[in-house]
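The values are calculated or read from the model by the stated rules, or taken from the named source; none is laboratory data. Here the structure is a predicted model, which means the values were calculated and not measured. All Cβ positions, glycine included, derive from the backbone under ideal geometry; neighbour counts span all protein chains shown. SASA here: full protein model, heavy atoms, side chains in, ligands and nucleic acids out. Shrake-Rupley method; radii C 1.70, N 1.55, O 1.52, S 1.80 Å.
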Amino acid sequence: MTVETLIVLDLLAGVAATAGWLGAGATAARRAGVALALAAVALVATLARCATTFGLAGAGWWFAQEKITLTLPIAVAAALAAGSIAGPRLLATVRGRRPSPAPDAAVLVPLFGAGYAAAAGPAVTLLAGYPATASTVLVTLALVAGAVLTTWRVVAGSLPGARAATATVLAAAVAGTGLAFVPAETTDAGGGTAASLSHHGATSLADELTASPSHDGMAASLSRGGAAARGAQDGHTSGRSPVSADAVAEVPVTSLRGPSTPEPGGTVRRYDLAARTATIRLASGKQVEAWTFNGRVPGPPITAVQGDLIEVRLRNDDIASGVTLHWHGYDVPSGEDGVPGLTQDAVMPGQEFVYRFRALQAGTYWYHTHEVSDLGVRMGLYGTLIVSPRPTGEAATGTPGATDKKDPSGATMSSQAGASGELDLVLPVHTFAGTTVLGDQDRPIERAAEPGAPVRLRLINTDNTPRRFALTGTTYQVAAIDGRNLNQPGPLDRALLRLPAGGRYDLVFPMPSATVVLLVDGRPGLRLGPGATPGAAMSVADTSGWPEFDPLTYGRPAATPFTASSRFDRDFDLVLDRGLAITDGRPAYAHTANGRAFPSIPTETVREGDLVRLTVVNRSRETHPWHLHGHTVLVLSRDGRRPAGAPLWLDTFDVQPGQVWEVAFRAGNPGLWMNHCHNLSHADLGMALHLAYDGVTSPFHGAHGG
Ligand SMILES: [Cu+2]
């Protein structure tokens, strides 16, 4: 049984127990037989909850914490009380030894009380989630006890010691509510050395710096954007010198900017992006009100060859809420990362901002606004970023693609003609007002392809939820995921490719002699044929029964710079859930991590060179595509199982309901980074936090993260 099933069964059992006890209480006075049957149902449901809780605890403490520490004990205690006090009386009534009706307090209070205690189970799970805190415990106990006292008063008319009991309940309620407003720690050092300089204890800064022989070296490596550390990182050992020799200088994130020159042999790629509202006419004739870069959706494709310098001048014409550029999956210097309120201010109408970074990673990436990003990306503020590997043995020259910002043709999609005659199609999928758009086409794309020609399809999911792709008419390989090549990818056929929000897959195959069709969620999006026949009906294979491709079992294992058995300098757990929380100053039914919502989730702090493990647990009933900025993470395990295929380096991974992902990365890119759910509506409702390198400060004070 899956964890997700157990989560649902546990909730259902809690609801059944609640209904059983309350129903028994409501019918006890008139129909003792019915009440007895309902109480029996409630007892069975309570036993079922014991079983589901046991099963969930086996999957991880995170899944059962609030049940074991709070809701199950009170439910079981109340059930035992109801069974032993009300049960015999009801039984006696049914057997005719007691007068019926018998609405006495000894029957009704235990039954209703068991109902209130049972209700605390699903209520705490749904409203508070993980973890149950002292505040949750006090408020829950106060509510249950208060309801019992009220019932007692109503049934019995009076209650000895009522005043003292009521006062105790009120005191617990007030204390519990007050505790909820005690601010959390603002940082979480993940078991490593706390960030003493950047967040607290500024008075000790001078002392620590004068006592620190290594301070200059650390500062220099920070100001170079960590390039030195990246080179040295694999030799890093876990030995830690005393804190005084480990002190980190303060560096503003605004100084962590990209270089202004390409690598030797590279060229400078300049792009001008103007953010503006526009009415877009799709291929079908449908018009959509969009937010665009340069009046088009997607925005202009950005292309480069590894080693080039990418320079993008962003201007905001009329996007009233502001705009930035974030390079999804691209490990740029922190000052170029485009997070408003953290690495820069949002670019407001009339303003501009220039981004510069070296194209060091080859592969398929994309860019999008990070200001009010849920709305902004949905409205169209996104585009593709494709970096070709530098041809071996020669310096990078010329344009890698047939389409760049100088191309006036308004090509229907970014199309890269590789030197080898490869057909290279960039296919971002996006939903505009309920319509799926592939590239800029809301109707199936037709392309001619000669048999034998190498084909590369770059699938990019720019939506908030997973999209499923299927390729019919050919076997193929998934050559790369999230821009990173896979080791020895095998042939694939009849597979459903589930791309997380923000994720990318590169599919490669030699063009067969027959037609190849790419399906997006079961509908044709692209047809490649030996001879294009525009308007010809596409035959659609039924792919609904095809198995889902699992990247954890694909390709061949290879050595990685660290593994699941490495010793980690920092260890962070993020338990994703839903619950009542304050986000951006407002109470909300938020998407939470560790019971809190942005910006109250403690900032994870690391030091340059640290080996960091991140465990992401999904207790909720929605998928959360997790995305850490500025770093590529290695998957260590999913639900306790290590990858059996190629090493999987990702920037976005779908944590499905009930799943536990362990990933790790080397902290080699100093800065301040967002760590968030890439279902941007979830991030907007609280599911976002910061990861900060010790010593890096931000002059920006927008409490949002876009
Ligand atoms: Cu989410």
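Quick one: of the DSSP bridges fully inside the chain, what percent are antiparallel, nearest 5?
70 percent
Tell me, what ³J(HN,Hα) does each residue in segment 360-369 have, in order and in whole Hz, if you take phi through Karplus 6.51 cos²θ - 1.76 cosθ + 1.60 with θ = phi - 60° and put x for Gly and Pro?
So the Karplus estimates, Gly and Pro as x, are 8, 9, 7, x, 9, 9, 8, 10, 7, 5 Hz.
By per-residue mean of other Cβ atoms within 10 Å, what is the highest-first order of 76-86, 458-468?
Ranked from most to least packed, the peptides come out as 458-468, 76-86.
How many angstrom separate the Cα center of segment 286-306 from the Cα center of segment 8-86?
Here the answer is 55 Å between Cα centres.
Using the Kyte-Doolittle scale, find the helices of the chain whose mean hydropathy is at least 1.0 and whose Cα atoms extend 15 Å or more along the helix's long axis, counting only whole DSSP H runs.
Both cut-offs are met by 3-27, 32-59, 105-127, 134-156, 162-180.
What does the charge add up to near Ala449, with Lys and Arg as +1, Asp and Glu as -1, over the other residues with Cβ less than 12 Å from its Cβ?
-1
With 16 Å as the cut-off, how large is the P(r) tail for segment 2-99, expressed as percent of Cα-Cα pairs?
Considering segment 2-99, 56 percent of its Cα-Cα pairs are separated by more than 16 Å.
Please state the charge dipole magnitude for the chain, taken about the Cα centre, from unit charges on C-beta atoms (+1 on K and R, -1 on D and E), reported in debye and rounded to the nearest 20.
Here the size comes out at about 2420 debye.
Relative to the compact-globule scaling 2.2 N^0.38 Å, provide the ratio for the alpha-carbon radius of gyration of the chain.
Dividing the Cα Rg of the chain by 2.2 N^0.38 Å gives 1.11.
When the solvent-accessible surface of protein heavy atoms is calculated with a 1.4 angstrom probe, in what order do Lys286, Lys67 fall, highest first?
Largest to smallest exposure gives the sequence Lys286, Lys67.
Extension gain Arg556-Ala184, at 0.36 nm per residue separation less the Cα-Cα distance, in nm?
Additional length available on full extension: 129.5 nm.
Determine, for each peptide in 258-264, 445-451, the mean count of other beta carbons within 10 angstrom over its residues, then list the peptides with the highest first.
445-451, 258-264
Once you list every other residue whose beta carbon is under 12 Å from the beta carbon of Thr515, what net charge do they have if Lys and Arg are +1 and Asp and Glu are -1?
Around Thr515, the surrounding residues sum to +1.
Report, to the nearest whole %, how much of the accessible area of the chain belongs to carbon and sulfur atoms, 1.4 Å probe, protein only.
That share works out to 59 percent.
Could you provide, to the nearest whole Å², the per residue accessible area of the chain with probe 1.4 Å?
39 Å²
What's the local net charge at Ala320, with K and R +1, D and E -1, over the other residues with C-beta under 12 Å away?
-2
Ranked highest first by the average count of other Cβ atoms within 10 Å around their residues, in what order do 592-601, 34-43 fall?
Descending packing order for the listed peptides: 592-601, 34-43.
Say each of Asp318 and Arg586 gets a label point 7 Å from the Cα, pointing the same way as Cα to Cβ; how far apart are those two points in nm?
2.7 nm
Residue separation times 0.36 nm, minus the C-alpha to C-alpha distance between Ala171 and Thr431: what's the value?
Full extension of this stretch gives 88.5 nm more.
Taking every pair of Cα atoms in segment 3-179, average 1/r, invert it to obtain the Kirkwood radius, and report Rg/Rh to two decimals.
1.01
Quote to one decimal, in nm, the extra length available between Ala283 and Arg270 on full extension: 0.36 nm per residue of separation minus the C-alpha distance between them.
1.8 nm
Sequence-distant or interchain residues sharing an amide H contact under 5 Å with Thr187, placed H: which?
For Thr187, the qualifying residues are Thr603.
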